[in-house]
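Inspection log for the structure reproduced underneath, given as structure tokens.
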Amino acid sequence: MIAENVSEIRQKLAAACIRVGRNPSEVTLVAVSKTFPAEKIQEASLGGAIDIGENYVQELLRKRKILGDDIRWHFIGHLQSNKVKYVAEWIHLIHSVDNDRLAEEIDKRAAQFGRMIDILIEVNTTGEFSKYGVLPEKTVRFIEKLASLQHIRIAGLMTIGPFLADPESSRPMFRTLRELRDEGRLLGQKNAAMHHLSMGMTGDFEVAVEEGATLVRIGTAIFGARKKPVPSSKETFS
């Protein structure tokens, strides 16, 4: 069923692209697998979902140990600076950078491993206090503040919609993110590629695609409702 779900999501993504004259190849499906075991990720990969998003470092490390690097691992949760060292050598993309300290730590660890790490700036487009992210009016300035970091590439922006029943409610936030991305491109900043928009989840991904998403983060529609509790944010490492 999971592989079938992936196929169905891809069809919906393609239809949304066609509605607005986009090429479906422009959009990457990131399957969000938090709380689901490695074998479920394997089922998703059989359906072609090789980009996998995880929210917690310890869970990510455990699954990577089983599945290896045939998966493109995305970190999509709130990343603490002291956890960067565990993922810096191999992470494909970090979706959730929203402060200087985290960006500087990623840059430092990337330098240690002799690589460039792609990151996205998380933007709080809904203004909700419960969400992380840079405020929209401070986003371009924040991008500029990271100009001196030589081992990160600001690949674009990420946001989380408002979790309302009507997917159309997310459209203004997605449009804001696209406009901010376009402003960021105009900076011409060396380390700011600004080609990605990570936005849209199970409830609103089609609207996100219509507004320019290049990465959509889908969990429930692929893996089903989560039965296990979400892990505590206070992770421990051996």
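Looking across the stretch 189-230 at every residue that is assigned to a loop (DSSP other than H, G, I, E, B), at pLDDT 95 or above and charged (D, E, K, R), the one that is farthest from ILE143 (Cα to Cα) is identified as ASP204. Against the conditions (1) surrounded by fewer than 22 Cβ atoms within 10 Å (Cβ to Cβ); (2) touching a residue at least 40 places away in the same chain (Cβ under 8 Å), LEU197 satisfies every one except (1). Look at (1) closer than 24 Å to GLU105 by Cβ; (2) in contact (Cβ under 8 Å) with a residue 60 or more places away in the chain and you find that ILE222 fails only one, number (1). Across the stretch 29-58, the number of residues qualifying as surrounded by 19 or more Cβ atoms within 10 Å (Cβ to Cβ), β-branched (Val, Ile, Thr) and not in a helix (DSSP H, G or I) comes to 3.
Comparison of SER148, SER169, SER130, SER96 shows that the only residue that is modelled with pLDDT under 95 and either in contact with a helix residue (DSSP H, G or I) (Cβ under 7 Å, 6 or more places away or on another chain) or of a type outside the set (D, E, K, R) (or both) is SER130.
Candidates are the residues of the stretch 160-175 that are of a type in the set (A, V, I, L, M, F, W, C) and part of a loop (DSSP other than H, G, I, E, B); the one that is farthest from LEU120 (Cα to Cα) is ALA165.
The values are calculated or read from the model by the stated rules, or taken from the named source; none is laboratory data. Just so it is clear, the model here is predicted, and its values are computed rather than measured. Reconstructed Cβ throughout: ideal geometry from the backbone, glycine too, with neighbour counts over all protein chains shown.
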